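Notes follow once the structure below has been shown.
The numbers here are math on the coordinates, done by the rules we state, and not lab data. In this text the structure is predicted, and so the values were computed from the model without any measurement. Cβ sites come from the backbone with ideal geometry, for glycine too, and all protein chains shown count toward neighbours.
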Amino acid sequence: MALIKSISGFRGTIGGQPGDNLTPVDIVECTAAYGLWLLRTHKKPKVIVGRDARISGKIVSRLVCNTLLAQGIDVIDLGLSTTPTVEVAVPIENASGGIILTASHNPKQWNALKLLNDKGEFISAQDGKDLLDIIAKNELTFAEVDDLGTYTRVKDYMHKHIDAVIAMDYVDKEGIADRKFKVVVDCINSTGSISIVPLLEQMGCEVIPLNDDLSGNFAHNPEPIPAHLVQLSETVVKENADLGITVDPDVDRLAFVSEDGSMFGEEYTLVAVADYLLGKKKGNTVSNLSSTRALRDISEKHGVTYSAAAVGEVNVVTQMKKVDALIGGEGNGGIIYPGLHYGRDALVGVVFFLSLLAEKNLKMTELKASYPAYEIVKDKIQLEKGMDLNPIFAALDEKYADQPKNTIDGLKIEFGKDWVHLRKSNTEPIIRVIAESKNREKAQELADSIKQVVNNMTQSMA
């Protein structure tokens, strides 16, 4: 059981003792801290609230909404929704912020409060620190009875979001309709069934939904990685479908399955979408340091500049704004297209990806084969709790002095087109080790060699 209060929001497991898990006490405390933070800069705040379909969602939503109301904050409740839908709604409603109730790809016992600013974007690191400071100082206050907030339930924002996605520039509505794609969608018993499925149907696709009830009883581990997508893969082949689509419970991550049941690869979701958009308009690209080099290769092919950001959506968005990027995101299947909003959005990824398939008139396997082939492995190094990593990273920097490096988030070392990225976990006493090469064996060898160097260093420091 766990409770994590961080600069990016609050998440934990349901049940147990306050302070150790995400209990009603902790939900109210965290919501009230966010509410107070808003009240310091907005005279009469208004907050958009939405949730995924996980089992605890209704209870958490009622606690959040009523806490905000008790602080004198107006609430617009979207009910069952997606993360990008709430992000889209905040500026449309001229709201002061938003709260998305979802633990993303975590299993059903988890839930979380993801916090947005008045632009519908995730709060900054400094904002998160201010929230944690409010909690630490126990500065929470509530409104008197004549000053309570108002509650409004709105049910049509999913349709608004879908319509906005379809209306974007560069979406090939006619091409997609002409192809009449047959698509299998794993909705993971969450809000993919009320977002991705109707989006596809509206675009003229034949849809075969899997796990499409809204029970929150996830049919499998909800992280969209190959080990969890056996049913989707088998169904694509059985139904002779053009492709399979899967999203996480809050519909901000997107992954595809090819017509032969093979994984297209989460890392290549962004690569393909960027390839399509760069063929329509020149612009810079951004991904995080742990994402595939293939995006850089595609960017260079189109004659534009690629740049890397620290891991984390808010860091990617900051870098995208800095370089005025056309497209960006993360290798976990997160597509960020500023033409609609600065947030990961699976619906955006779906329509651009299908536009690309329609334009090129290729099968999924043919499209994948057209891109630079890389394989990523993800590993870790266990550390003694409280160990100072600065001397280790400094020693690595010196050892590999002749190699190109990036130090904005841990240490990334390049070896030609191969690379390894080491960064300290924010939640565990480990170093995360991510390596990429042209094949999985070479990537693992690279990760293993760096791990051995670090282990030797830690032993000599002990």
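Can you list the lysines whose alpha carbon sits under 20 Å from that of LYS281, skipping same-chain ones fewer than 8 residues off?
Within reach: LYS173, LYS301, LYS321, LYS322, LYS360.
Mind checking which of GLY328, GLY15, GLY303 is farthest towards the positive end of the chain's charge dipole, using Cβ charges of +1 (Lys, Arg) and -1 (Asp, Glu) about the Cα centre?
Ranked along the dipole, the leading option is GLY303.
Residue farthest toward the positive end of the dipole of the chain, with Cβ of Lys/Arg at +1 and Asp/Glu at -1: which of SER61, LEU116, GLY175?
LEU116
For ARG51, what is the net charge nearby, where nearby means another residue's Cβ is under 15 Å from its Cβ and Lys, Arg count +1, Asp, Glu -1?
Value of the local net charge: +2.
Kindly write out, for segment 219-224 in residue order, the coupling ³J(HN,Hα) from the Karplus curve 6.51 cos²θ - 1.76 cosθ + 1.60 (θ = phi - 60°), rounded to whole Hz, with x marking Gly and Pro.
Once rounded to whole Hz, the list reads 5, 7, 3, x, 6, x.
Taking θ as phi - 60°, what are the ³J(HN,Hα) couplings along segment 433-444 by the Karplus curve (6.51, -1.76, 1.60), each to the nearest whole Hz, with x for Gly and Pro?
Whole-Hz 3J(HN,Hα) from phi for segment 433-444: 10, 10, 10, 9, 8, 6, 9, 5, 5, 5, 5, 5.
Once you list every other residue whose beta carbon is under 12 Å from the beta carbon of ASP118, what net charge do they have if Lys and Arg are +1 and Asp and Glu are -1?
Combined, the nearby Lys, Arg, Asp and Glu give -2.
If the only charges are +1 at each Lys and Arg Cβ and -1 at each Asp and Glu Cβ, what is the size of the charge dipole of segment 375-461 around the Cα centre, to the nearest 20 debye?
200 debye
When only C-alpha pairs under 8 Å and at least 6 residues apart count, what is the relative contact order of segment 375-461, in percent?
35 percent
Over segment 234-359, what is the relative contact order in percent, taking alpha-carbon pairs closer than 8 angstrom and at least six residues apart?
26 percent
Please sort by residue number the trypsin sites (Lys or Arg not before Pro) in segment 143-203 whose DSSP state is loop and whose Cβ has at most 15 other Cβ atoms within 10 Å.
Of the trypsin sites (Lys or Arg not before Pro), the ones in loops of segment 143-203 whose Cβ has at most 15 other Cβ atoms within 10 Å are LYS155, LYS180.
To the nearest Å, what is the center-to-center distance of segment 377-450 and segment 221-258, using C-alpha atoms only?
So the two Cα centres are separated by 30 Å.
To the nearest 0.05, what FRET efficiency results for LYS173 and ASN94 with a Förster distance of 41 Å applied to their C-beta separation?
Rounded to the nearest 0.05, the efficiency is 0.90.
Can you work out the Karplus-derived ³J(HN,Hα) for every residue in segment 169-177? Use 6.51 cos²θ - 1.76 cosθ + 1.60 with θ = phi - 60°, whole Hz, and x for glycine or proline.
Working through the residues one at a time gives 4, 6, 7, 8, 4, 5, x, 5, 4 Hz.
Which of the trypsin sites (Lys or Arg not before Pro) found in segment 1-42 are in a DSSP loop and have at most 15 neighbouring Cβ atoms, other than their own, within 10 Å?
ARG40
Which of rounded, prolate, oblate describes segment 369-421, given a ≥ b ≥ c as roots of the alpha-carbon gyration tensor eigenvalues and a/c under 1.5 marking rounded, otherwise prolate only if a/b is larger than b/c?
Oblate, since a/c reaches 1.5 and b/c is not below a/b.
Can you give me the distance in nm between label points at ALA395 and LYS182, each placed 7 Å from the Cα along the Cα-to-Cβ direction?
For ALA395 paired with LYS182, the spin-label model returns 5.9 nm.
Taking K and R as +1 and D and E as -1, what net charge do the other residues with C-beta under 14 Å from the C-beta of CYS65 add up to?
Net charge in that neighbourhood comes out at +3.
Using a simple charge model, +1 on the beta-carbon of Lys and Arg, -1 on the beta-carbon of Asp and Glu, nothing else, what dipole does the chain show about its Cα centre, in debye to the nearest 20?
420 debye
Size of segment 3-159 along its principal axes in angstrom, Cα-based, largest extent first?
So the three principal-axis extents are 38, 35, 30 Å.
Amide H neighbours of ASP172 under 5 Å, counting only residues 5+ apart in sequence or on other chains, H built in-plane at 1.01 Å?
Answer set, sorted by chain and number: SER355.
Can you give me the relative contact order of the chain as a percent, contacts being Cα pairs under 8 Å and 6 or more apart?
12 percent
What does the extension gain come out to for ALA136 and LYS322, with contour length at 0.36 nm per residue minus their alpha carbon separation?
63.7 nm is the gain from fully extending ALA136 to LYS322.
With point charges of +1 on the Cβ of Lys and Arg and -1 on the Cβ of Asp and Glu, referenced to the Cα centre of segment 82-190, which listed residue (ALA164, VAL185, VAL90) lies farthest in the positive direction of the dipole?
After comparing all options, I get VAL185.
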